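Take a look at the structure set out below.
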Ligand code: NAI
Ligand code: MG
């Protein structure tokens with residue numbers, strides 16, 4: 001429980017600008033807000049206007065050390081708390097989050113540029129859902145008895161790993177954090193989260209809200225940049241597990257450091273997810289599915305975005321035209337406006353990266369890139385990081401747009417003639433996170449589902465992460481699973497064997 005007053009409002013606060021200011025310049029360590037030891041901060045920018053709305057504590061190794069030491073102290077008592085009690089407390093956190101859904105939705109919309117109605121509010125609700133799900137799993141932290149010999153009691157028990165370091169990205173920071181901290185905490189670990197430099201505010205508020213319920217020091221958060229703040233968290237001797245979501249490049253750095261310490265890691269590293277559409281699909285449902293699959297409402301900033309769409313030739317052109325027409329009707333604008341479907345790109349860096357891909361696609365001989373959805377005309381949004389969704393056709397499979405993760409509102413559509421050919425194309429990727437198939441021929445669908453190299457294959461739907469379903473990729477998309485009971489057991493506990501010889 002908290003013992004010092006916080007700089008933030010106690011009640012849910014619907015003005016995200018006020019809340020952003022109040023959250024400025026702080027880590028959350030040992031149950032309280034604290035500034036960086038160095039006193040340094042960095043700006044948090046509203047990508048819809050380019051204006052600074054807050055600052056964040058610019059964390060370094062000293063802050064990380066303080067957070068990990070507090071987490072290590074708190075973990076000892078937390079691990080002694082009965083598992084179901086820990087779960088009940090995490091479920092109680094979910095109830096607090098539910099009361100703050102609107103607040104959190106607005107705050108994340110402000111700092112990330114994701115539209116409130118289509119994305120941000122949904123994400124806040126999902127956080128509560130994930131906490132509720134894992135909150136109910138405390139009783140599943142069970143061991144086994146092993147029939148070793150009649151006079152020997154041989155059993156296994158599930159033990160927490162200790163302090164978990166969680167490094168999160170900016171695209172769906174609240175949800176991706178929940179997938180890490182909820183199972184880690186229920187399993188009896190304490191956590192130190194390093195937030196993404198582009199989106200440190202809403203997750204910080206969640207940390208405070210959950211600390212209203214959890215014992216101090218069990219859930220801590222530092223903000224800062226990757227090399228200065230993320231790297232020391234991974235290398236800290238008292239961090240006994242790292243869970244990371246982000247780029248392949250950074251994931252490999254994290255993995256290397258973890259290898260030196262011989263600690264387990266979970267890595268979720270994005271994708272280049274194929275969507276395969278057969279002529280016999282339910283056309284309208286598939287079209288609607290293509291829009292959600294591509295996550296245009298999130299400006300395509302999704303690791304599972306259907307950024308390669310393969311359509312059976314007889315309906316190829318009809319599909320491309322219909323999709324362009326649908327995307328055209330989506331409203332791009334102020335993320336906080338209820339009318340807005342599509343907000344902004346997160347940062348200048350990402351904006352430039354996506355633009356480069358689009359320019360490259362447009363300059364490719366034989367390719368066509370259709371820009372859909374009108375740019376906002378509100379002068380207040382003149383400096384906003386808006387990019388029109390682009391639908392490319394005519395690219396070859398060697399194109400960088402087809403091979404690399406763009407993480408922007410860009411999809412490439414191709415015609416295909418037979419299932420084996422499209423299977424080979426779909427699997428011809430460094431990534432293997434997700435895939436979707438759209439057909440009423442379930443024999444064909446199931447056959448391909450088995451052969452697709454992906455952690456998650458959906459037929460006739462493409463939902464975002466759901467609690468209770470294991471989620472995680474193969475190939476360069478990562479290591480390990482999240483979101484499920486097995487994920488909690490396998491990635492946040494170890495099995496100890498105890499034998500008692502009573503002969
Ligand atoms: P990133 O992987 O560099 O950043 C993700 C997190 O890792 C951030 O919290 C960052 O501060 C931290 N980090 C960076 N360097 C680190 C280091 N040396 N040690 C420890 N932590 C470190 O991703 P970034 O630069 O934000 O985006 C680049 C690309 O990565 C995107 O364009 C996208 O393709 C991909 N990406 C994939 C995500 C996914 O959901 N799988 C999420 C975010 C980005
Ligand atoms: Mg980076």
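Every read-out reported here was derived from the displayed coordinates using simple, explicitly stated rules and does not represent laboratory data. Note that this is a predicted model, so its numbers are computed, not measured. Using ideal geometry, Cβ is built from the backbone for each residue, glycine included, and neighbour counts are taken over all protein chains shown.
Note on the stretch 71-164: semi-axes of the ellipsoid equivalent to its C-alpha gyration tensor, largest first and rounded to whole Å, are 39, 14, 12.
With the Cα gyration tensor of the stretch 61-219 in hand, give its eigenvalues times 5 under a square root as the equivalent ellipsoid semi-axes, listed largest first in whole angstrom.
Working: eigenvalues 206, 62, 33 Å².
Largest first, the stretch 61-219 gives 32, 18, 13 Å.
Treat the stretch 113-162 as a sphere of radius equal to its Kirkwood radius over Cα pairs and apply Stokes-Einstein at 37 °C in a medium of 0.692 mPa s; give the translational diffusion coefficient in µm²/s, rounded to a whole number. Stokes-Einstein gives a translational diffusion coefficient of 223 µm²/s.
Go ahead and run the numbers for FRET between residue 317 and residue 145, Cβ-Cβ distance against an R0 of 51 Å, rounding to 0.05. Walk me through the numbers before you get to the answer.
On the way: r = 63 Å, r/R0 = 1.24.
Computed FRET efficiency for residue 317 and residue 145 comes out at 0.20.
For the stretch 223-327, the direction-averaged projected area of the alpha-carbon convex hull comes to 8.7 nm².
Report the gain in length on full extension from residue 362 to residue 11: 0.36 nm times residue separation, minus Cα-Cα distance, nm rounded to one decimal. Please report the intermediate quantities before stating the final value.
Details: separation 351, 0.36 × 351 = 126.36 nm, distance 4.95 nm.
Gain on extension, residue 362 to residue 11, equals 121.4 nm.
Bridges between two residues of the stretch 377-477, per DSSP, are antiparallel at a rate of about 20%. Computed over the stretch 252-395, the alpha-carbon pair-distance distribution with 5 angstrom bins reads 2, 8, 15, 19, 18, 13, 10, 7, 5, 3, 1, each value a whole percent.
Of the beta bridges in the chain, as assigned by DSSP with both residues counted there, near 45 percent are antiparallel. Using alpha-carbon positions, what is the distance between the centroids of the stretch 125-180 and the stretch 370-423, in Å? The two parts, judged by their Cα centres, are 38 Å apart. Ranked by how many other Cβ atoms sit within 10 Å of their own Cβ, fewest first, the residues 111, 279, 197, 77 fall in the order 77, 279, 197, 111.
Treat the count of other C-beta atoms within 10 Å as a stand-in for reagent exposure and order 24, 120 from fewest to most.
On the way: 24 21, 120 31.
Result, fewest neighbours first: 24, 120.
Volume of the convex hull of the stretch 41-126 (Cα atoms only), normalised per residue: 108 Å³.
Treat the chain as a sphere of radius equal to its Kirkwood radius over Cα pairs and apply Stokes-Einstein at 20 °C in a medium of 1.002 mPa s; give the translational diffusion coefficient in µm²/s, rounded to a whole number. Before the final figure, lay out the partial values.
Working: Rh = 23.4 Å.
D, rounded to a whole number, is 92 µm²/s.
Could you work out the Rg to Rh ratio of the stretch 126-198, with Rh taken as the Kirkwood radius (inverse of the mean 1/r over all Cα pairs)?
Looking at the stretch 126-198, the ratio lands at 1.17.
Scaled against the 2.2 N^0.38 Å expected of a compact globular protein of N residues, the Cα radius of gyration of the stretch 358-434 reads 1.33. Residues 243, 13, 81, 297, ranked from the fewest to the most other C-beta atoms within 10 Å, line up as 81, 13, 297, 243.
Assuming R0 = 35 Å, can you tell me the calculated FRET efficiency for the pair residue 382 and residue 441, based on Cβ-Cβ distance, to the nearest 0.05? The partial results should precede the final answer.
Values: r = 50 Å, r/R0 = 1.42.
My answer for the efficiency is 0.10.
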